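What follows draws every value from the coordinates through simple rules; no lab data is involved. These numbers come from a predicted model, not from an experiment. Positions of Cβ are generated from backbone atoms using ideal geometry, with glycine treated the same way; all protein chains shown enter the neighbour counts.
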């Protein structure tokens, strides 16, 4: 049996590892270009939380404005390098992140980390759905008034109406498919910039010359950061990289829809260091203007819009911030668990079903956010899960580039045969899992142990590096390839030399 299209065809896939959502996407079905990738990152940056983070960096670390800008641009360059590495195999083979993870962890071993990633994403999907609904609640209040008094679980009637509307909208968008999501992102990214520039213009006009004085104070740096300026600079870089960590790990879920690697790289360049610097500049000017107008630096866009007291601007801004927050919520928190659940049981669950399950669980989480979850102090919980995931990135990248030399046996990613390249021990690569556990213990320790508190801001980067290093060393020491695998590689090399199935010769061979 042969499935798929003429390109990247999988021979005799095992139903327990394969469905249409996990299958390699042929080049002729890819519709994303550099602009779509640019907007993936633009929507990530432009969320309500992203704005607050960018504005806070300029007033909380005691550094001059140019130093903060330099740290932000550097973090964008680092993230760009990370996603270029992890995105390349998914562009080349058209496979999503859960399938790519099978090469290093085994066809069954990849299920555990993708499940953990799904748990983190589902948690944040519910939380971000609530935050997006606050923009719609602001819109409804501006147009029709505050509505009935009283709250349920800490949320007003208008708040609940907005929350339900946002939840339904996100599910509809996901069910329409990735192509529709791409069109939505292409609209949302530029729209937010238009509104941000307009908001900056209003603030600038009202603040007058006082804005320049305030900007001068920000650029001169105020206060001191414990540990000095070098520690402050490093903390900003670490914070910004950690902000993008959720998308970095499953970036292959999006890069597989890009037509060429060159377009992916160009989109990453404009969408990360360039877009990040521009958005941070807008946030800086607006925040400085609010300090002049209202006597305090407002870092929440919703608070700023309310203070401007312009119904038309309130309506437009509320819709725009809703669009931006929903955009990144779908990208970072909806797609990953949908594919992750499909990877657990491809025979019974496809990406659409996984998305509906995710939406149902997340609806409960978001509904309980104000009254229950937000009161529990969940930051450490989320940081811990992020630290657990970090080594997986390093393992996947080290495996693909250092061990396999950028060669994959595509058929064996969907095979449970004992002769399969990625079967290892009953489908689990125990050496990779050992590397995963060891690195995860270290990265989690940076979150929990006071003695390692200075490293907590770099938990993700350190965990990723430790995971990749441990995986490489254990694979080399353990003599990963056996004679049987060597024979299989030789056969695939011969088969791939003719370019069968339209797959490049070197893409058919496992190093």
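Calculate the length of the line joining the C-alpha centroid of the range 202-261 to that of the range 302-335, in whole Å.
19 Å
What is the helix-to-structure angle for 459-477, meaning the angle in degrees between its Cα long axis and the longest Cα principal axis of the chain, kept from 0 to 90 and rounded to the nearest 10?
Result, in degrees: 10.
Rounded to the nearest 10 degrees, what's the angle between the helix 311-328 long axis and the longest principal axis of the chain, both from Cα atoms, 0 to 90?
20 degrees
Hey, how many Å between the Cα centroid of the range 262-292 and the Cα centroid of the range 130-163?
Here the answer is 30 Å between Cα centres.
Rank by packing, highest mean first: peptides 112-119, 207-214, 252-259, 82-89, with packing defined as the count of other Cβ atoms within 10 Å averaged across residues.
So the order, starting with the most tightly packed, is 252-259, 82-89, 112-119, 207-214.
Go ahead and run the numbers for FRET between residue 274 and residue 294, Cβ-Cβ distance against an R0 of 35 Å, rounding to 0.05.
0.70
Roughly what would the spin-label model give for residue 315 and residue 161, points 7 Å off Cα along C-beta, in nm?
Result: 1.6 nm between the two label points.
Please give the peptides 351-362, 136-147 ranked by average Cβ packing (other Cβ atoms within 10 Å per residue), highest first, as a rough proxy for protection. Write down the numbers at each step before the final one.
Numbers: 351-362: 19.9, 136-147: 16.7.
Ranked from most to least packed, the peptides come out as 351-362, 136-147.
With semi-axes √(5λ) of the Cα gyration tensor in Å in mind, check (1) 41, 25, 21; (2) 30, 28, 22; (3) 42, 29, 21 and report the label derived from this structure.
Here the calculated entry is (1).
Take each of the peptides 406-414, 171-179, average the number of other beta-carbon atoms within 10 Å over its residues, and list them starting from the highest.
Working: 406-414: 23.1, 171-179: 15.0.
Sorting 406-414, 171-179 by mean packing, highest first, produces 406-414, 171-179.
Quick one: go through the range 170-204 and flag any residue whose amide nitrogen is under 15 Å from the point 7 Å out along the Cα-to-Cβ line of residue 307.
Answer for the range 170-204: 199-204.
Given 0.36 nm per residue, what is the gain on full extension from residue 20 to residue 119 after removing their alpha carbon distance, in nm? Please list the in-between numbers first.
Values: separation 99, 0.36 × 99 = 35.64 nm, distance 2.31 nm.
That works out to 33.3 nm of additional length.
Just to be sure I understand the model, the point goes 7 Å from the Cα along the line to the Cβ. What's the resulting residue 204 to residue 144 distance in nm?
Spacing of the two 7 Å Cα→Cβ label points: 3.7 nm.
Run the quick spin-label model on residue 176 and residue 29: label points 7 Å from Cα toward the beta carbon, then report their separation in nm to one decimal.
2.1 nm
Decide, for the range 322-371, between rounded, prolate and oblate: order the square roots of the alpha carbon gyration tensor eigenvalues as a ≥ b ≥ c, take rounded if a/c falls under 1.5, and otherwise choose prolate if a/b is larger than b/c, else oblate. Write down the numbers at each step before the final one.
Numbers: a/c = 3.15, a/b = 1.58, b/c = 1.99.
In terms of gyration-tensor shape, oblate.
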